[in-house]
Amino acid sequence: MNQAQILVVDDDPGVRELVGDVLELEGYEVTIAVDGLDALSHIRKRKFDLYVLDLNMPKIDGLVLLEKVRAAGDSTPALLLSARREKDDVHTGFRTGADDYVTKPFSIEELALRVEAILRRTRNEQSANVVRCGPISIDLDQHLVKFEDSVIELSPTEYNLLQYLIERKNKVVRKDALLNAIWGIDFENNSTVVETYISYLRKKLHRDGFEGIKTVRGVGFQIVERA
C-alpha cells in the first residue's frame with residue numbers, strides 16, 4: 001500500500017492537518033487542497049489513487065466535486081468525510097460514485113483502516129488483467145468491454161482498435177501505426193477505414209458526458225482519461 005497518492009480536500013485547517021498527518025504516517029503520499037476549486041486544480045495536473053473529500057465546503061462542496069470528476073470519466077475511488085447531520089448527502093454521494101465515508105468526529109484508526117480497505121480493493125482490481133481509461137475498462141482475459149458497469153458489445157476490429165488506443169492512453173497514435181497494427185497495412189494508404197472505426201467506437205462509447213476519443217488532425221488519434 002505504500003506510496004499511494006492521496007488527495008485530501010477539506011476547508012478546515014485542523015482536519016486537513018490531522019488527516020494529512022495520519023495518512024503520511026501510514027506511508028502514503030498526501031496532497032492537500034483547501035477547497036473544491038483547489039482540488040480540481042490538482043486533479044488536472046496529476047493522477048491520484050484516492051480522494052478524501054469533505055462534504056461541506058465553500059465554493060465547490062464535496063458532492064459537486066465528486067459529480068464533476070465522475071462526469072469527466074474519473075473513476076478514482078473517493079472517501080467522504082461527513083458530519084452526522086449530512087446523512088442524506090452521504091447517500092447522494094454513494095449514488096454519485098463514492099466508495100465509503102467516515103463520520104466526524106472520527107478516530108484516526110478508523111480513518112486509516114477505511115483508507116487501507118479502499119486501496120486494497122481497488123489495487124486488487126487494477127492488478128487483474130484489465131486496462132482502463134476513464135469510465136471504460138477492458139477485461140483482457142474475458143474479452144469484455146464495459147462503460148462503468150454496462151457491457152459494451154464490440155466487433156473484433158472495434159475491440160482491437162480500442163485496446164490498442166487504451167494501452168497507449170493519453171498518447172497520440174499515428175494513423176499509419178493503427179493501419180499497421182489493426183489491419184496489417186504497412187505502406188502509405190489513403191484508406192478511411194481508421195476514421196470509420198473510430199466513428200463506430202464513438203457511437204458506442206461517447207456517452208454520459210464522456211467524449212475521450214480524439215482526432216489529432218494530420219497526425220492520428222488518442223483516447224484520454226478526461227475529455
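Coordinate-derived values only; no laboratory data. As the structure is a prediction and not an experimental result, all values here were calculated from the model. With ideal geometry, Cβ positions are generated from the backbone for all residues, glycine too; neighbour counts draw on all protein chains shown.
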Relative to the Cα centre, what is the charge dipole magnitude of region 67-137, using +1 at the beta carbon of each Lys and Arg, -1 at the beta carbon of each Asp and Glu, and rounding to the nearest 20 debye? 80 debye
Folded to 0 to 90 degrees: helix 13-25 orientation relative to the chain principal axis, Cα: 70 degrees
Put a dot 7 Å past each Cα toward the Cβ at Val130 and Asn160; how far apart are the dots in nm? 2.6 nm
In vacuo Debye sum over C-alpha of region 5-127, base-10 log of normalised intensity I(q)/I(0) at q = 0.16, 0.18 Å⁻¹, listed in q order, is -0.69, -0.90
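Return the Rg/Rh value of region 80-196, two decimal places, where both radii are evaluated on C-alpha atoms and Rh is the Kirkwood radius. Provide the component values of the computation, followed by the final result.
Working: Rg = 20.8 Å, Rh = 17.7 Å.
Rg/Rh: 1.17.
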Spin-label zone in region 205-227 - amide nitrogen under 11 Å from a point set 7 Å from the Cα of Glu195 along the C-beta vector: 218
Thinking of the chain as a set of Cα atoms, what percent of all their pairs are more than 25 Å apart? 46 percent
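Given a Förster distance of 25 Å, report the FRET efficiency between Ile108 and Lys87 from their Cβ-Cβ distance, rounded to the nearest 0.05.
E(calc), rounded to 0.05, equals 0.65.
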With axes computed from alpha carbons, what is the tilt in degrees of helix 36-45 against the longest principal axis of the chain, rounded to the nearest 10 within 0 to 90? 40 degrees
Residue-normalised 222 nm signal for the chain, counting each DSSP H run of n ≥ 4 as -39,500 (n - 2.57), nearest 500 deg cm²/dmol, is -13000 deg cm²/dmol
Going by alpha carbons, how many degrees (0 to 90, nearest 10) lie between the helix axis of 87-96 and the longest principal axis of the chain? 10 degrees
First measure r as the distance between the Cβ atoms of Arg46 and Asp186, then evaluate 1/(1 + (r/R0)^6) with R0 = 35 Å and state the FRET efficiency to the nearest 0.05. 0.40
Which of the chymotrypsin sites (Phe, Trp or Tyr not before Pro) across region 150-209 are loop residues per DSSP, with 12 or fewer other Cβ within 10 Å? Phe187
If each residue of separation counts as 0.36 nm, what is the full-extension length gain between Asp141 and His206 once their alpha-carbon separation is subtracted? 21.0 nm
